[in-house]
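First comes the structure, then the notes that go with it.
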2 protein chains.
Amino acid sequence: MDSRRPAPPPPSGAPGPLTPLPLAGRTAPERADAARNRRRILDAASRIVARHGVRELTVDLVAGEAGIGVGTIYRRFGDRAGLIFALLDEHEHRFQRDFLAGPPPLGPGAEPVARVRAFLHALADRVTAQFELILAAESSAPGARYRSGPYAVHHTHLVTLLTQARPPGADARFLADALLAPLSALLMDHQRKARGMTAQDVKTGLDDLLRWSLG
Amino acid sequence: MDSRRPAPPPPSGAPGPLTPLPLAGRTAPERADAARNRRRILDAASRIVARHGVRELTVDLVAGEAGIGVGTIYRRFGDRAGLIFALLDEHEHRFQRDFLAGPPPLGPGAEPVARVRAFLHALADRVTAQFELILAAESSAPGARYRSGPYAVHHTHLVTLLTQARPPGADARFLADALLAPLSALLMDHQRKARGMTAQDVKTGLDDLLRWSLG
DNA sequence: CTTGTAATCGGAGTGCGCTCCGGTTAGTGT
DNA sequence: ACACTAACCGGAGCGCACTCCGATTACAAG
């Protein structure tokens, strides 16, 4: 199945494409030059996106702008999708703080079903707000979305809420995937272009779906 | 620079990646050499897949094996994803005949809700049966699945059934997308590898999703 | 300071999807 | 038969993601 190389090192600095959470006890501190280059890469990428748009964000261009080699970028970020996810990291952490420890109904304190609804709405808003970047990230590599740190966190969060909300029997893991699936930027892009649907339509549709299956 | 592009051509023979349905005959019949080359391409592609797997199905290799140029492949099939979808065309047409005109509960005659369930199960079976090819097609280009003919047909079919099954109010177009989303080969691949889920788990999960409102 | 070594760096190289456009061929009017 | 045109063909070439591996450098032990 997975005929991969023996040791394509699990990128020591950033395990997945993106650090999913606070990430307990780091073992190996980053070397000084590595940290400096990471900042250079991220800054260069941001600059290019701001100036020319995501479309022009090629790895070679980022390397040139940052004044380092492309190999370094792949060492730190895995692939182009990982680089783009890293660009979204700051917003993602804010978002995670909000639904993990913020005020209700998004944060703890509200009924689980209400939190699910608030979470899906907030996620829809987030996708809408950073549509270009997220779409580019999902388009960059085939399974990029599912392999990303944020997806794992969102899925885990939903599983927790759904387990609290529902009697056992239904598979919360599947339901979580099914609720997240419509919030793919790739699908939303298609819905917008081919059917003229808006983000509001998606949110309303998700409400219908929730009333349908959980109501 | 007078690079006039009179027709970024809607491929006359097969519009889009794949002919969605019988396709009312309005277009000119295919030229003899074009038809011959199409067969050559499809045969060569099948041969390569059978011999080396989908992974080795590069466009250049198909062109070489078929004894034609790569430009011809792109003219007929649009892109690599279109070529792979064309490989699935025969099975797809059988499937479409089954749910459009076959025996119940998949075909006409059963209650709309029962047909929705039968359709989703049949589609899950289909994805499972041709997993490698479908996964490769969806992975080949970013939005390949949504742009494909089969997806449009499946979506339209579901919208019809859902409209019959439910009073107005809910957006049937969104619901159709939401029900099709979990049957993405990309997602199922992730569920299998990362969570150990099987195709049966997906079918059961879809049933759970349907059960509440449709008893 | 010197040496050892493991992590890091960089950029030429590779593979592959896709485009471009001059040459060729099939089908039609005369 | 013959010219004419629109569709078709092919393969060199391009852009870009990603890999490879020898040179380099940070850091610690002696």
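The values are calculated or read from the model by the stated rules, or taken from the named source; none is laboratory data. From a predicted model like this one, the values you see are computed outputs, not experimental measurements. Positions of Cβ are backbone-derived with ideal geometry, glycine not excepted, and every protein chain shown enters the neighbour counts. Ligands, DNA and RNA are excluded from the accessible area calculation, which covers all protein heavy atoms including side chains. Shrake-Rupley method; radii C 1.70, N 1.55, O 1.52, S 1.80 Å.
Please calculate the 1.4 Å probe accessible area of B:R211, with all protein chains present, and give it to the nearest 10 Å².
Accessible surface of B:R211 is approximately 130 Å².
How large are Rg and Dmax for region A:116-215 when only the alpha carbon atoms are used, in Å?
Over region A:116-215's Cα set, Rg and Dmax evaluate to 13.6, 39 Å.
Using unit Cβ charges (K, R positive; D, E negative) and no other charged atoms, how large, in debye to the nearest 20, is the dipole of chain A about its Cα centre? If you can, show how the numbers build up before the last one.
Values: 28 positive and 22 negative charges, 74 e Å.
Once rounded to the nearest 20, the dipole reads 360 debye.
Quick one: accessible surface of A:F77, probe radius 1.4 Å, all protein chains present, in square angstrom to the nearest 10.
Approximately 10 Å² for this residue.
Summarise the accessible area of region A:32-78 (1.4 Å probe, protein heavy atoms) by the percent that is carbon and sulfur. Show your work: numbers first, answer last.
Values: 1310 of 2660 Å².
Ligands and nucleic acids excluded, carbon and sulfur reach 49 percent.
Full extension from A:A114 to A:T204: what is 0.36 nm times the residue separation minus their Cα-Cα distance, to one decimal in nm?
Net length gain for the segment: 30.9 nm.
Give a residue-ordered list of calculated ³J(HN,Hα) values for region A:78-95 (Karplus: 6.51 cos²θ - 1.76 cosθ + 1.60, θ = phi - 60°; whole Hz; x for Gly, Pro).
Once θ is set to phi - 60°, the couplings for region A:78-95 become x, 7, 4, 4, x, 4, 5, 4, 4, 5, 8, 4, 4, 4, 4, 5, 4, 4 Hz.
7 Å from Cα along Cα→Cβ at both A:A101 and A:T156: what's the point-to-point distance in nm?
In this crude spin-label approximation the distance works out to 1.5 nm.
Under a point spin-label approximation (7 Å from Cα along Cα-to-Cβ), what is the B:E132-A:D125 distance to one decimal in nm?
Roughly 4.7 nm, to one decimal.
Taking a point 7 angstrom from the Cα of B:E90 along the C-beta vector, which residues in region B:125-166 have backbone N less than 19 Å away?
B:126-135, B:137, B:150
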